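None of the figures in this text is laboratory data; all of them are computed from the coordinates on show. All values derive from a computational prediction rather than experimental measurement. FYI the Cβ positions are ideal-geometry reconstructions off the backbone, even for glycines, and counts take in every protein chain you see.
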Amino acid sequence: MSETTGPHIGPAIRARRRTLGLTIVQLAERADLSHPFVSQVERGRANPSLDSLTRLARALGTSQVELMSGTPLLSAQQATGSFGAADARLLTSGDTRFTVIDVQGASTDLGEYYTHPEDEFVTVLAGRALIDLGPDRLDVLAEGGAVYFAGGTPHRWASADGAPYRLLVVKERTTASRAEGPEGNDRA
């Protein structure tokens, strides 16, 4: 992560933490990081390593790339990262109403579920994807297939057959995460 991106990640982490009703101490415990470090990251006074950002994202039920959404990115290179077992490229930056993510992978490992309060729309641009929306819904979507699910729905995806797949993910951004600024007050 670059020096210019680092300070802008903090407000996204803080907004997500607050949306989930977590204190800094609870988030730090979930991420297995020190709470002073998490506080410094939220305030833009420390840049998390890739490992720390991954741990924070996992503890918040999100991904590195989603935490980068809403930050002023300088280049497409800064807007890439892991998204579960896939690679992702953020297609939007700054204060937008939606986060649009290009996801590509070939792994058949579904990994852990993600659950967050925002609604999400996923469409398959290439290949075939296995979309798991919890214990009652498992779909195989081919190119052109799409699914919408409400916030709070556990979800994960993978290649349906081990071949490469490509998804376009459009994720709602909450008002709280859009309104939170780098100078926002810290409520632990």
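Full extension from THR108 to ASP132: what is 0.36 nm times the residue separation minus their Cα-Cα distance, to one decimal in nm?
Working: separation 24, 0.36 × 24 = 8.64 nm, distance 1.19 nm.
Fully extending the segment from THR108 to ASP132 adds 7.4 nm.
Projecting the Cα atoms of ALA28, SER49, PRO11 onto the dipole axis of the stretch 6-73, where Lys and Arg carry +1 and Asp and Glu carry -1 at the beta carbon, places PRO11 farthest toward the positive end. Report the local net charge at VAL170: Lys and Arg +1, Asp and Glu -1, summed over other residues whose C-beta lies under 13 Å from its C-beta. Here the count lands on -3. Working note: Cα atoms of the stretch 102-147, range along each principal axis, descending, whole Å: 27, 22, 21. Extension gain for GLN40-GLN26 works out to 3.5 nm (0.36 nm per residue, less the C-alpha to C-alpha distance). From the Kirkwood radius over Cα pairs of the stretch 6-73, Stokes-Einstein at 10 °C and 1.306 mPa s returns a whole-number translational diffusion coefficient of 140 µm²/s.
Under unit Cβ charges (Lys, Arg +1; Asp, Glu -1), what dipole magnitude, rounded to 20 debye, does the stretch 6-73 have relative to its Cα centre?
Values: 9 positive and 5 negative charges, 38 e Å.
Its charge dipole is roughly 180 debye.
Over all other residues within a Cβ to Cβ distance under 10 Å of ARG156, the charged ones net out to -3, with Lys and Arg as +1 and Asp and Glu as -1.
Neighbours of GLU112, meaning other residues whose beta-carbon lies under 15 angstrom from its beta-carbon, give a summed charge of +1 when Lys and Arg score +1 and Asp and Glu score -1. Between the amide H of PHE83 and those of ALA88, distances stay under 5 Å, these residues lying 5 or more places away or on another chain, with hydrogens modeled in the peptide plane. Packing here is the average count of other Cβ atoms within 10 Å per residue, and on that basis the peptides 156-166, 111-121, 129-139, highest first, run 156-166, 111-121, 129-139.
Counting every alpha-carbon pair across the stretch 82-172, the share separated by more than 20 Å comes to 27%.
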